[in-house]
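What follows is a set of notes on a single structure, which appears directly below.
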Amino acid sequence: MRVSIVGTGYVGLVTGACLAEVGHHVVCTDSDESKIQTLESGGLPIYEPGLDGVVARARKEGRLKFSRNPKEIVEAGDAIFICVGTPPLPNGDADLSAIDHVARTIATEARSPKLVIEKSTVPAQTGQELKRALTVYGRKSGISFSVASNPEFLREGTAVSDFLHPDRIVVGVENEASERQMKEIYAPVLERKFHCPVHAPACPEGPAPTWLVTTISSAELIKHASNSFLAMKISYANMVADLAERLGADIGEVVRAMGLDPRIGPAFLNAGLGFGGFCLPKDLQAFVHLAERSGVDFSMLKEAEKINHKRIGRFYEKIKNSLWVVKGKQIAVLGLAFKPNTDDVRFAPSIDLIEQLASEGAHIRAYDPEAMDRARAVLPNIDYAKSAYDAVKDAEALVIATEWDEFRKLDWDRVRNSMARPLILDARNLLSPRAMKAFGFEYQSFGRPD
Ligand code: UGA
């Protein structure tokens with residue numbers, strides 16, 4: 001099938017590359033010309049494990065192209081995925097102006113019927129507005145447009161695998177023809193008929209993805225409700241961790257036992273510095289606004305948000321209690337990305353924490369395996385180290401802000417010997433308190449007995 005993708009953020013790029021990987025002919029565009037330039041010259045504007053190989057192969061085999069020409073994109077696809085950003089406005093609503101702009105381009109440039117698919121995370125009822133915009137802007141051409149909502153559940157860091165091996169594929173459609181088209185697009189994924197770049201030579205056995213056809217409004221709501229639920233789960237675990245700390249219980253033991261109940265499940269119960277990134281915080285905020293505008297008192301979402309905001313302060317208190325005076329102290333921070341296996345620092349708790357420490361007069365020397373370049377753009381005034389070992393040299397405290405696997409496996413004797421004071425403040429509960437104490441560190445984390 002001929003597919004076009006508008007927006008080459010991580011969702012657009014992963015969607016385009018993976019659809020090409022499974023056999024479709026895909027053309028991608030972006031209003032940011034520099035991204036297309038990077039892609040055309042063989043680079044990637046983001047770090048996403050495994051994506052470079054998928055993009056390179058699909059391009060070589062002629063199934064994936066990039067274009068700066070919006071007309072060409074509209075022409076090239078029978079199905080057009082809108083994957084543009086919907087950043088938060090100052091009032092917390094999602095900014096849908098990029099979607100409106102794309103709708104206008106499609107409606108005015110189309111010369112044949114198009115299926116226009118919302119892939120960006122949008123508030124419920126955006127589909128209706130999109131349909132109206134396509135009809136209004138395209139009224140002179142007489143071309144028919146169908147709209148579908150196909151929420152993505154990709155996680156940064158594992159997005160290629162998530163796309164090719166989803167638990168469920170949700171398509172919100174307005175007619176049977178759109179449902180058939182969407183099924184054709186996803187047939188190779190549903191039937192597992194593709195050469196998997198993640199699990200070569202063979203994928204592990206597992207259930208086939210569930211194919212869910214819904215109304216457009218339901219599909220839109222599913223996305224927001226899912227992300228907000230995940231955010232609430234994390235905030236819940238964080239509150240239990242605070243309580244565990246007071247009661248002398250161990251949050252690791254508590255959530256492990258909770259997660260064994262299939263009604264609860266083990267995922268997203270890791271206590272720590274809280275959730276960040278460009279999805280959970282903004283989706284939660286937009287969901288709160290949607291509920292308010294719809295006259296529904298969904299105040300538990302606001303609580304989840306409030307709890308998350310307080311995590312930085314909670315952790316800062318731990319640092320302060322351990323160091324007594326923060327001003328003038330040399331602090332090593334390991335981890336800048338909002339979570340491991342990505343270079344994304346947008347709404348990263350580590351960045352807020354560093355800003356607070358720096359504003360109190362601490363000297364920060366930070367290291368992250370992938371996110372240093374992006375961090376430099378938002379935190380230009382701290383020191384950046386070449387490695388974790390370089391970061392901890394002469395430090396009076398070591399803060400773990402992102403749980404990269406690399407940090408789990410450090411040579412702890414070497415770390416201890418090069419620090420001015422062997423103090424670890426683990427904001428992600430990455431390490432074992434007992435093991436770290438055995439290595440001779442003072443060690444603090446969330447919700448675990450001293
Ligand atoms: C999230 C959702 O998990 C995806 O399903 C969704 O498709 C995506 O948003 C999106 O809307 O595009 P992502 O933002 O990549 O994916 O990151 P998550 O893995 O959800 O992690 C979000 C934040 O929560 C990170 O800062 C992470 O460190 C934190 N987290 C996660 C915890 O603090 N505890 C946990 O137990 C899990």
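The values are calculated or read from the model by the stated rules, or taken from the named source; none is laboratory data. None of these values were measured; they are calculated from a predicted model. With ideal geometry, Cβ positions are generated from the backbone for all residues, glycine too; neighbour counts draw on all protein chains shown.
In a residue-by-residue description of segment 61-74, the property of being in contact (Cβ under 8 Å) with a residue 12 or more places away in the chain and within 19 Å of the chain's Cα centre (by Cα) applies to no position.
Among the residues making up segment 77-90, a single one is more than 28 Å from Ile143 (Cβ to Cβ) and surrounded by 15 or more Cβ atoms within 10 Å (Cβ to Cβ): Pro88. The residues of segment 386-442 that are in a helix (DSSP H, G or I) and surrounded by fewer than 14 Cβ atoms within 10 Å (Cβ to Cβ), listed by number, are Asp405, Arg408, Asp413, Arg414, Asn417, Arg434, Ala435, Lys437, Ala438. Here Glu184, Glu174, Glu179, Glu156 are screened, and the one residue that is in contact with a Gly (Cβ under 9 Å, 6 or more places away or on another chain) and surrounded by fewer than 21 Cβ atoms within 10 Å (Cβ to Cβ) is Glu174. When we screen Asp411, Asp394, Asp383, Asp352 for residues that are under 25 Å from the mean Cα position of the chain (by Cα) and acidic (Asp, Glu), the only hit is Asp352.
Which residues, taken from segment 91-131, are small (Gly, Ala, Ser), surrounded by 22 or more Cβ atoms within 10 Å (Cβ to Cβ) and assigned to a helix (DSSP H, G or I)? Passing the criteria: Ala103, Ala107, Gly127. For segment 253-275, indicate whether the set of residues that are surrounded by 20 or more Cβ atoms within 10 Å (Cβ to Cβ) and closer than 19 Å to Gly92 by Cβ is non-empty. Checked segment 253-275: at least one residue is surrounded by 20 or more Cβ atoms within 10 Å (Cβ to Cβ) and closer than 19 Å to Gly92 by Cβ.
Per-residue answers, yes or no, for (1) part of a helix (DSSP H, G or I); (2) at positive phi; (3) among the small types (Gly, Ala, Ser):
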| residue | (1), (2), (3) |
| --- | --- |
| Ser217 | yes, no, yes |
| Lys233 | yes, no, no |
| Ala244 | yes, no, yes |
| Gly265 | no, yes, yes |
| His289 | yes, no, no |
| Lys310 | yes, no, no |
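Taken together, Glu305, Glu317 contain a single residue that is more than 14 Å from the ligand (Cβ to nearest atom), modelled with pLDDT of 95 or more, assigned to a helix (DSSP H, G or I) and of a type in the set (Asp, Glu), which is Glu317.
For segment 132-158, the set of residues classified as assigned to a loop (DSSP other than H, G, I, E, B), within 33 Å of the chain's Cα centre (by Cα) and not hydroxyl-bearing (Ser, Thr, Tyr) consists of Asn150, Pro151, Glu152, Phe153, Leu154, Arg155, Glu156, Gly157, listed by residue number.
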